[in-house]
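As structure tokens, the structure follows; a few thoughts come after it.
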Amino acid sequence: MKRTREALSLTSTKFAMFIAGLVAVGLAYVPLLGVHGVESALLLGVVLPPFTALIGARLVVRCRREKQVVSAIWLLGASVWAAVVVVAIPMVLLALNSLRIRNCSPLQGLLFMVLGPVFSVVLSSLAGVVIGGLITRSRAATALAVALPLATYAIALGRLYETPAIFAYGHFFGFFPGTFYDEDIGFPTALLTLRAVSLVLGCGLVALFVSSYDKLEQRLKPGFRDPESIFLSSLALMAFAVAALAQWFGPELGHRSTQAWIEQQLETRIEINKCRAHFPRELDRAEARRLAAECEFRVAQMEKWFGVRQQKPVVAFFFRSAEEKRRLMGAHTTYIAKPWLSQVYLQLHAWPHPVLAHEIAHIVAANCGAGPFRIAGRFGGLWPNPALIEGVAVAAAWSDSDELTPHQWSRAMIEIGMAPRLRELFGAGFFGQSKRRAYNLSGSLVRYIKDEYGAGAIRRLYASGDVASAIGVGLDELEKKWRDFAMQVALPDSALELARARFAQGSVFSTVCPHKLARLHSQLGADRAAKSYDEASERCREILGIDPNDRNARVQLVSSLARNGELDAAERELKKLQIDYRAPAPVLASARQEIADAHWRLGRDTEALRIYRDLLRLPLENDAARLLEVKLLALEAGAEQAELLFELLVGSDGVAADSVTAVYLARELREVRSDGLAYYLEARQLFFRQRFEAAAKLLHLANQAALPSRRLSLEARRLEGISSYALGDFRRARELFSTLERESEALYREQARDWLERIQYAALANHGLATESPRFTPTDLLQR
């Protein structure tokens with residue numbers, strides 16, 4: 001015990017203990033980091049191992065300098081004990097902090113701690129002892145011990161830079177999960193296999209030290225002197241061989257990834273000039289070619305927007321699912337671009353892809369960026385400015401917005417006091433905002449700069465990260481001008497209520513138990529898909545037990561109760577949402593619509609009709625408003641139409657009809673309606689199944705026969721325009737989108753302009769005029 005206390009009396013141990021406590025106190029102020037969990041485990045796993053490796057080396061150096069005769073086992077044990085004490089300090093402090101900040105997954109958090117920093121400090125302390133025994137020069141041993149964990153960090157960073165992976169596993173730091181925006185982080189089995197290898201590696205270090213340590217000279221003298229040393233040395237060599245083998249098979253074990261490994265999983269490759277796209281081999285070839293052609297168009301579009309030439313081909317990886325994307329490169333639902341590699345990583349989505357333009361904007365913007373990452377920021381991009389990085393992508397892919405433009409969302413946020421000052425948005429403050437809020441505000445600002453000062457200003461701003469040097473205006477003056485401009489943007493009457501509903505969520509850093517909540521929401525979706533409404537209601541209550549202000553969970557609770565026939569309970573929850581939590585009108589409308597659907601299921605058509613009419617007077621998003629319009633039409637049209645549309649839209653079990661049944665019901669509806677509604681409803685099913693020829697014919701008939709509302713008519717024209725483009729009928733597509741540009745509201749106009757640009761590009765490409773190299777439209781590709 002006395003000699004164990006000697007390890008704790010080392011200056012290096014005391015310093016490590018001080019640093020460990022200081023880090024824990026800092027973490028305690030951030031809800032995401034202030035309890036045991038994957039993020040706090042990572043940070044401790046990065047900070048502490050160099051110090052505990054130092055302890056191991058200094059312990060051997062001290063014994064050698066003072067000529068203490070101690071055994072190999074004592075040195076190893078004392079070093080490990082000191083390392084455990086060091087890591088125990090922040091673990092205890094964070095455990096105590098969980099009395100202040102709720103930890104919803106304490107056992108999982110503790111497991112992350114044990115398999116993260118605890119394993120890391122123990123392994124690093126063993127490595128420090130071995131280094132101290134091998135190298136007799138004190139300073140050299142100390143420096144090398146500290147450098148070893150740091151070197152593994154550098155290797156991990158190098159892989160993050162050079163490969164598609166955004167995750168990392170390492171023996172001296174544990175597990176880095178990747179992006180902040182993926183909140184659904186479970187416990188990875190790859191961490192278990194990593195720590196199994198760490199255990200083997202640690203046993204190898206112990207065997208090497210015990211077999212080679214000369215306690216009289218206090219240093220290692222490797223060799224095969226006797227049967228025991230032969231056995232232990234052989235054991236050490238086998239352990240190191242296992243660790244090397246695990247490193248070699250890292251992609252298969254999930255410990256790392258490479259571009260070659262991903263390309264093996266996504267075997268279909270299509271190249272069109274400046275875009276190379278990789279797809280699952282089972283994906284329909286025509287759909288793959290449409291997506292590849294869209295990628296090529298977006299590259300050309302972004303070149304024009306930024307006023308640059310894309311120097312390297314853009315590589316787009318389209319994964320089968322979010323789960324596969326997480327397994328192969330680290331991101332789950334979040335879409336990712338690596339500008340310095342000219343690569344984007346997306347899960348498959350029906351053409352046209354909703355975020356491809358945004359991610360390619362990141363790639364093309366890299367031609368203006370600075371430093372090794374080719375991004376906006378100070379000091380050559382080494383101090384990133386996320387507001388500019390994401391802002392240019394939102395501004396360039398302007399039509400990717402939904403419901404309102406970023407300018408409109410920004411004005412709405414300014415009016416209701418939800419827009420932070422630009423100084424809060426720039427830099428690390430960006431991550432203190434919800435993702436939607438930060439992206440829309442940044443995009444609006446950058447779009448304003450582009451329109452006011454030109455593409456050259458965007459290039460200068462992205463290269464330097466400095467507003468004043470790029471446009472000659474300070475940040476405060478720019479904010480005043482931008483806010484004055486935003487307040488002149490026209491808003492629909494529903495905008496303010498929609499903004500209150502959309503931007504209420506906080507940042508992941510300020511959310512309590514974000515990973516637990518994300519998992520519960522995922523399980524809630526599965527419960528509802530399985531029509532297990534009792535379980536769904538309990539899941540909602542579990543979510544609300546953690547976060548009573550989760551409006552989505554309260555709406556889902558109303559919905560689950562209503563679908564289960566518990567209307568009185570659903571009404572009580574709706575009143576809570578309205579009175580206790582003062583939910584915005586769109587949130588209340590979503591919940592009330594579920595109650596109206598329940599009335600319809602129970603045969604109370606009059607009550608359902610009354611609620612639907614009331615809801616259409618409230619601020620609603622377009623998709624919700626169109627659905628309500630059709631439900632209202634059904635109940636107003638009589639029993640025969642109501643029965644068909646009820647099965648199509650609501651369903652007796654609370655689930656709308658599948659696509660095959662929906663097509664059948666829509667065709668039945670043709671017999672009893674004279675307008676274009678039945679054609680439109682059938683066409684939607686075919687459109688989202690990529691059956692563009694049949695969809696275009698039906699949508700044309702729907703538009704000719706006239707649709708019963710302006711919203712339905714605008715959507716039918718949009719869908720017919722996209723279908724016509726996919727079929728190569730550019731004349732009809734241009735006609736439809738030109739009409740939308742003239743006659744519709746702001747967002748439809750922006751989308752129409754985007755499609756008109758795409759049509760012009762495709763038409764020029766047909767004649768070889770788009771660029772100096774031949775390019776192909778989706779139609780050309782389908783014919784090849």
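The values are calculated or read from the model by the stated rules, or taken from the named source; none is laboratory data. Everything numeric in this text was worked out from a predicted model, so none of it was measured. Heads up, the Cβs are rebuilt from the backbone with ideal geometry, glycines too, and the neighbour counts pull from every protein chain shown. These area figures cover heavy atoms from the full protein model, side chains too; ligands, DNA and RNA do not enter into them. Shrake-Rupley method; radii C 1.70, N 1.55, O 1.52, S 1.80 Å.
Quick one: Cα centre-to-centre distance for region 444-518 and region 629-664, in angstrom?
Cα centroid of region 444-518 versus Cα centroid of region 629-664: 42 Å apart.
Considering only 598, 523, 537, whose Cα is most displaced toward the positive end of the charge dipole of region 511-612, charges sitting on Cβ of Lys, Arg (+1) and Asp, Glu (-1)?
Positive-end residue among those listed: 523.
Extending each Cα 7 Å along its Cβ direction at residue 333 and residue 468, get the distance between those two points in nm, one decimal.
Roughly 4.1 nm, to one decimal.
Taking Cα atoms, how many degrees apart are the long axis of helix 475-486 and the longest axis of the chain, rounded to 10 and kept between 0 and 90?
Here the helix axis deviates by roughly 20 degrees.
Check residue 219: other-chain or 5+ apart residues with amide H under 5 Å from its amide H, H built from backbone geometry?
For residue 219, whose amide H was placed from the backbone, the distant partners under 5 Å are 214.
Can you list residues whose amide H is under 5 Å from residue 315's amide H, if they're 5+ apart or on another chain and H is modeled 1.01 Å from N?
Amide H neighbours of residue 315, under 5 Å, 5+ apart: 276, 343, 344.
Tell me, what is the per residue accessible area of the chain in Å², probe radius 1.4 Å?
Averaged over the residues of the chain, the accessible area is 42 Å².
For the chain, give me the percentage of DSSP beta bridges that are antiparallel, rounded to the nearest 5 percent.
65 percent
Relative contact order of region 412-488, please, whole-number percent, based on alpha carbon pairs below 8 angstrom and at least 6 residues apart. Display every interim value, and only then the final one.
On the way: 38 pairs, mean separation 18.7, N = 77.
Result for region 412-488 is 24 percent.
Once every DSSP H run of n ≥ 4 in the chain is given -39500 (n - 2.57) and the sum is divided by its residues, what mean residue ellipticity at 222 nm do you get, rounded to the nearest 500 deg cm²/dmol?
Working: 39 runs with 509 residues, N = 784.
For the chain, the value works out to -20500 deg cm²/dmol.
Using the 4.7 Å Cβ rule, please list in number order the cysteines from the chain without any candidate partner.
By the Cβ distance rule, which asks for a partner under 4.7 Å, the isolated cysteines are 63, 203, 368, 540.
Residue-wise, which Karplus ³J(HN,Hα) couplings in Hz belong to region 597-611, taking 6.51 cos²θ - 1.76 cosθ + 1.60, θ = phi - 60°, and x for glycine or proline?
Running phi through 6.51 cos²θ - 1.76 cosθ + 1.60 with θ = phi - 60° gives 4, 5, 4, 4, 4, 8, x, 8, 4, 5, 5, 4, 4, 4, 5 Hz.
With each pseudo-label sitting 7 Å past Cα toward Cβ, what's the residue 531-residue 192 distance in nm, one decimal?
Those two pseudo-labels are separated by 3.5 nm.
Give me the percent relative contact order of the chain, please, defined on Cα pairs under 8 angstrom at least 6 residues apart. All intermediate terms of the calculation are to be shown ahead of the outcome.
On the way: 1292 pairs, mean separation 67.7, N = 784.
Once normalised by length, the contact order is 9 percent.
Applying a 10 Å radius around every beta-carbon, put 261-272, 533-544 in order of their mean neighbour count, most first.
533-544, 261-272
Sticking with the crude label model, points 7 Å out along Cα→Cβ, report the distance from residue 688 to residue 706 in nm, one decimal please.
Between residue 688 and residue 706, the simple spin-label model gives 2.8 nm.
If I stretch the segment between residue 323 and residue 617 completely, what's the gain in nm (0.36 nm per residue apart, minus their alpha carbon distance), one decimal?
On the way: separation 294, 0.36 × 294 = 105.84 nm, distance 4.02 nm.
Extending this stretch completely gives an extra 101.8 nm.
Put +1 on the Cβ of every Lys and Arg and -1 on every Asp and Glu Cβ in the chain; which of 685, 557, 193 then has its Cα farthest towards the positive end of the dipole?
193
Which label marks the calculated value of mean projected area of the Cα convex hull in nm², given the options (i) 41.8; (ii) 37.2; (iii) 33.8?
Read-out taken from this structure: (ii).
Going 7 Å from the Cα of residue 217 toward and past its Cβ, which residues in region 34-66 have a backbone nitrogen under 19 Å from where you end up?
60-66
So how tilted is helix 514-529 from the main axis of the chain? Cα-based, degrees 0 to 90, rounded to 10.
40 degrees
Would you kindly derive the ³J(HN,Hα) couplings of region 580-595 from the backbone phi angles with the Karplus curve 6.51 cos²θ - 1.76 cosθ + 1.60 (θ = phi - 60°), listing them in order in whole Hz, with x for Gly and Pro?
6, 10, 6, 5, x, 4, x, 5, 4, 5, 4, 5, 5, 5, 5, 5
Between 0 and 90 degrees, rounded to the nearest ten: what's the tilt of helix 455-464 against the longest Cα principal axis of the chain?
Approximately 20 degrees, to the nearest ten.
Scan around residue 258 for amide H atoms under 5 Å from its own, H built in the peptide plane at 1.01 Å from N, and keep only partners 5 or more places away or cross-chain.
Distant-sequence amide H within range of residue 258: zero hits.
Taking θ = phi - 60°, what integer Hz values does the Karplus form 6.51 cos²θ - 1.76 cosθ + 1.60 yield along region 68-74, in sequence order, with x for Gly and Pro?
Coupling constants for region 68-74: 7, 8, 10, 7, 4, 5, 5 Hz.
Note the full-extension length gain between residue 179 and residue 350 as 0.36 nm times their separation in residues minus their Cα-Cα distance, in nm to one decimal.
Numbers: separation 171, 0.36 × 171 = 61.56 nm, distance 2.43 nm.
Going from the current span to full extension adds 59.1 nm.
Pop the C-beta distance of residue 652 and residue 610 into the FRET formula with R0 = 22 Å and round what comes out to the nearest 0.05. Intermediate results must be reported in sequence, preceding the final value.
Numbers: r = 21 Å, r/R0 = 0.96.
Efficiency, rounded to the nearest 0.05: 0.55.
Residue separation times 0.36 nm, minus the C-alpha to C-alpha distance between residue 67 and residue 667: what's the value?
Stretched fully, the residue 67-residue 667 segment lengthens by 206.6 nm.
Just the number, please: carbon plus sulfur as a percent of the accessible area of the chain, 1.4 Å probe, no ligands or DNA/RNA counted.
On the chain, the fraction of accessible area on carbon and sulfur atoms equals 56 percent.
With a Förster radius of 41 Å, plug the Cβ-Cβ distance of residue 137 and residue 25 into 1/(1 + (r/R0)^6) and report the FRET value to the nearest 0.05.
After rounding to 0.05, the efficiency reads 0.70.
Based on the Cβ-Cβ distance from residue 659 to residue 505, what FRET efficiency comes out when R0 is 35 Å, to the nearest 0.05?
Numbers: r = 32 Å, r/R0 = 0.90.
The calculated FRET efficiency here is 0.65.
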